[in-house]
Amino acid sequence: MKGDLAFYSRRIGRRPSHTPDSDGYVSIPDGTRILGAAKVTGKTQNGLSVGTLMAVAAEEEAIIFENGSYRREIAEPQTQYVVTRIRQEFDEGGTAIGGIFTGTFRGLDANDATLLTEDAITAGADFSHRWLDRTHFIKASIISSHVSGSVDAIDELQRNYLHNYIRPDADHLDYDPSREELKGWGGNIEIGKDNGGHWRYETELDWRSPGLELNDVGFIDSVDQLKLDHSVRYVVNDPGQWFNRYSVILNQKNRYLYDGTVTKRDIDLRANFHTKGNWNFRPRIGYDTDVLSTGSLRGGPAIKLPGFWTAQFNMSSDGSKDFLWWMGAYMDRSVDSDGGFSGIYPGFQFKPGSRFRLNCNLTFSKAKSDFRWFGSVENDDGDSSYFLAGLDRDTFGGTIRFDYNFTPNVTLTYYGNLYITSGGYRDYKLVTDPQANDLEDRFYQFGPGQWSRVNDSQLELRGLDASYLLDDNDFNYRSFRSNLVFRWEYRPGSILYVVWSHDRENSDLNRDSKIGSDLDYLTDAEPNNTLLIKASYWFSI
């Protein structure tokens with residue numbers, strides 16, 4: 001399925017997923033140890049490709065110090081992973097059919113409190129075909145999942161942000177707290193013309209049932225939806241007086257819940273101009289209608305949020321020069337509120353010769369969101385009240401990478417990423433009628449005299465003859481992550497890697513910090529260093 005991954009390699013060796021419930025000191029490993037792994041891949045002369053991966057990750061424990069004593073609790077059980085992919089090509093790749101199978105098997109027992117599922121299996125198939133001199137195409141894929149485990153584990157899965165079976169206004173979602181398994185499926189069909197002539201076009205249908213689950217060894221970020229997208233492009237590849245080539249693209253997208261309820265429609269117009277001097281210019285403008293958001297209230301009903309306009313512009317200099325630079329700018333503005341986002345993204349690349357290359361990217365952005373999740377409060381009857389707030393957020397980031405080739409077979413690569421973001425909440429709102437036609441009828445707005453700070457981490461909101469105590473979610477987060485990779489291809493197809501990874505992060509509730517002080521705080525953070533050695537050996541049979 002487009003945008004999803006049946007296999008996502010970072011799931012293997014991930015940070016343990018269970019955090020013990022404790023008011024004491026809790027120590028959890030940063031990752032799960034991989035006890036062993038094996039991978040076999042290959043392709044025959046007849047176009048048959050096969051790949052198989054098997055891995056075993058160790059059981060990891062959390063150490064808890066509470067009430068003057070230590071105890072241990074399972075943070076991640078021992079887990080086995082299996083991934084197999086097969087693909088057969090015909091007509092020199094003009095037609096292909098394939099399949100994939102993945103399995104995640106956890107060694108759970110009755111004492112495990114991780115709320116993890118026990119077994120997760122997915123199976124899928126895909127097909128592609130080209131015709132009319134390979135200018136036209138059709139692609140199709142389908143995948144199904146089956147996840148099993150304890151009643152508590154499956155209940156947790158139904159309740160999480162992805163599946164959200166407990167949403168009270170969704171009649172098509174069948175929430176069952178006694179389930180011991182969850183099943184789902186999805187698919188994708190694309191058909192169109194993507195080369196030859198000036199006109200190109202494409203239509204795509206994509207669907208994901210509410211129970212589809214890939215996140216044990218894959219990646220999926222949304223379910224319970226249908227997508228129907230259309231795209232038309234006009235392409236000119238013949239050099240003219242001003243441009244070597246250019247294209248203009250019109251996209252129209254539609255989003256629905258799995259039962260057919262419309263959640264969003266949008267349209268955007270974009271272009272790409274490549275000048276005679278090898279510069280690139282890429283403008284874009286778009287409009288999104290009101291959004292029916294099923295996840296903004298985190299288990300609550302769907303809520304209608306305002307649509308917005310977007311504008312974007314990117315440009316880059318001549319990429320054939322030793323020094324290349326680029327600049328991007330993005331802005332969106334809400335239709336019915338004061339919310340908006342703006343950011344700039346400069347960067348450069350320096351490559352004085354064939355051996356060395358340096359890349360640097362920077363990010364500066366400011367966001368003013370009027371409808372962000374702030375919390376919920378449950379009353380004595382079990383009914384919940386949902387709160388949103390405005391959020392002002394500033395973000396700064398930077399990425400640097402350099403590559404040096406000692407020889408074609410011996411290389412050194414460094415990657416470093418700095419990320420700093422801070423946010424402060426304001427304009428607190430109680431959701432009253434989440435799908436009212438008029439925006440002001442969807443909320444009760446708390447005035448300046450209707451809220452007060454109880455302590456450094458909590459607020460009290462007062463209104464509608466009630467008071468509510470919520471966590472104050474102002475934040476400041478800083479992180480730096482880097483790795484240095486030495487690569488040696490000691491014989492054709494056989495490679496030795498030596499990798500050093502370094503990262504550090506910290507956070508606090510002080511929203512008013514500055515970049516200089518953020519860097520000082522980050523320098524004082526406890527670092528994590530990892531040394532990894534990996535070798536592969538290629539052979540033919």
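The values are calculated or read from the model by the stated rules, or taken from the named source; none is laboratory data. Just so it is clear, the structure is predicted and the values come from calculations on it, not from any experiment. Please note: Cβ atoms are built from the backbone with ideal geometry, for glycine as well, and neighbour counts cover all protein chains shown. The accessibility values were calculated without ligands, DNA or RNA, using every heavy atom of the protein model including side chains. Shrake-Rupley method; radii C 1.70, N 1.55, O 1.52, S 1.80 Å.
At-a-glance table
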item: Residue within the stretch 301-314 that is surrounded by fewer than 16 Cβ atoms within 10 Å (Cβ to Cβ), out of contact with any Ser or Thr (no Cβ under 9 Å at 6 or more places or on another chain) and touching a residue at least 12 places away in the same chain (Cβ under 8 Å) present; result: yes
item: Considering residues of the stretch 316-349 that are open to solvent by 80 Å² or more (accessible area, probe 1.4 Å) and under 26 Å from Trp279 (Cβ atoms) only, the residue modelled with the lowest pLDDT; result: Ser320
item: Selection within the stretch 208-226 - closer than 22 Å to His172 by Cβ, open to solvent by 40 Å² or more (accessible area, probe 1.4 Å) and assigned to a strand (DSSP E or B); result: Leu226
item: Residues of the stretch 350-361 that turn out to be free of Cβ contacts under 8 Å to residues at least 40 places away in the same chain and surrounded by fewer than 16 Cβ atoms within 10 Å (Cβ to Cβ), as a count; result: 3
item: Members of the stretch 447-460 found to be within 25 Å of Ser293 (Cβ to Cβ) and within 33 Å of the chain's Cα centre (by Cα), listed by number; result: Leu459
item: Among the candidates Asp427, Asp433, Asp441, residue that is part of a loop (DSSP other than H, G, I, E, B) and either at pLDDT 90 or above or surrounded by 15 or more Cβ atoms within 10 Å (Cβ to Cβ) (or both); result: Asp433
item: Residue ID - surrounded by the fewest Cβ atoms within 10 Å (Cβ to Cβ), chosen from residues in the stretch 143-178 that are under 19 Å from Tyr258 (Cα atoms) and β-branched (Val, Ile, Thr); result: Ile166
item: Filtered residues of the stretch 234-243 (kept if in a strand (DSSP E or B) and out of contact with any Gly (no Cβ under 9 Å at 6 or more places or on another chain)); result: Tyr234, Val236, Phe243
item: Members of the stretch 179-206 that are open to solvent by 50 Å² or more (accessible area, probe 1.4 Å), within 17 Å of Ser144 (Cβ to Cβ) and aliphatic (A, V, I, L, M); result: Ile189
item: Residue match in the stretch 469-479 (condition: surrounded by 14 or more Cβ atoms within 10 Å (Cβ to Cβ), closer than 18 Å to Tyr414 by Cα and touching a residue at least 40 places away in the same chain (Cβ under 8 Å)); result: yes
item: Yes/no for Arg453 being part of a strand (DSSP E or B), surrounded by 13 or more Cβ atoms within 10 Å (Cβ to Cβ) and among the basic types (Lys, Arg); result: no
item: Of residues in the stretch 32-54 being β-branched (Val, Ile, Thr) and either touching an Asp or Glu at 6+ places or on another chain (Cβ under 9 Å) or within 20 Å of Leu116 (Cα to Cα) (or both), the one surrounded by the fewest Cβ atoms within 10 Å (Cβ to Cβ); result: Ile34
item: Test: Met327 is part of a strand (DSSP E or B) and free of Cβ contacts under 8 Å to residues at least 24 places away in the same chain; result: yes
item: Top-ranked residue of the stretch 236-278 - restricted to ones that are open to solvent by 50 Å² or more (accessible area, probe 1.4 Å) and aromatic (Phe, Trp, Tyr), ranked as farthest from Asn164 (Cα to Cα); result: Trp242
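A quick yes/no check of all residues on (1) in contact with a Leu (Cβ under 6 Å, 6 or more places away or on another chain); (2) over 28 Å from Lys368 (Cβ atoms); (3) modelled with pLDDT of 90 or more:
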position	(1), (2), (3)
Asn455	no, no, no
Leu461	no, no, yes
Tyr468	yes, no, yes
Asp474	yes, no, no
Gly493	no, yes, no
Ser501	no, yes, yes
Lys514	no, no, no
Tyr521	no, no, no
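To keep it simple, each residue is scored yes or no on (1) touching a Ser or Thr at 6+ places or on another chain (Cβ under 7 Å); (2) under 28 Å from Asn483 (Cα atoms); (3) of a type in the set (Gly, Ala, Ser).
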residue: Phe364; (1), (2), (3): no, yes, no
residue: Asp383; (1), (2), (3): no, no, no
residue: Phe387; (1), (2), (3): yes, no, no
residue: Gly397; (1), (2), (3): yes, yes, yes
residue: Thr407; (1), (2), (3): no, yes, no
residue: Gly416; (1), (2), (3): yes, yes, yes
residue: Asp441; (1), (2), (3): no, no, no
residue: Gln445; (1), (2), (3): no, no, no
residue: Asn455; (1), (2), (3): no, no, no
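One line per residue, one yes/no per condition, for (1) of a type outside the set (A, V, I, L, M, F, W, C); (2) within 22 Å of Arg208 (Cα to Cα):
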site: Gln252; (1), (2): yes, yes
site: Asp268; (1), (2): yes, no
site: Arg282; (1), (2): yes, no
site: Tyr287; (1), (2): yes, no
site: Phe313; (1), (2): no, no
site: Lys321; (1), (2): yes, no
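This table checks each residue for (1) at pLDDT below 95; (2) part of a strand (DSSP E or B); (3) among the aromatic types (Phe, Trp, Tyr); (4) crowded, with 19+ Cβ neighbours inside 10 Å.
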| site | (1), (2), (3), (4) |
| --- | --- |
| Val56 | no, yes, no, no |
| Glu61 | yes, yes, no, no |
| Arg71 | yes, yes, no, no |
| Gln80 | no, yes, no, no |
| Arg87 | no, yes, no, no |
| Phe105 | no, yes, yes, no |
| Asp112 | yes, no, no, yes |
| Ile121 | no, yes, no, no |
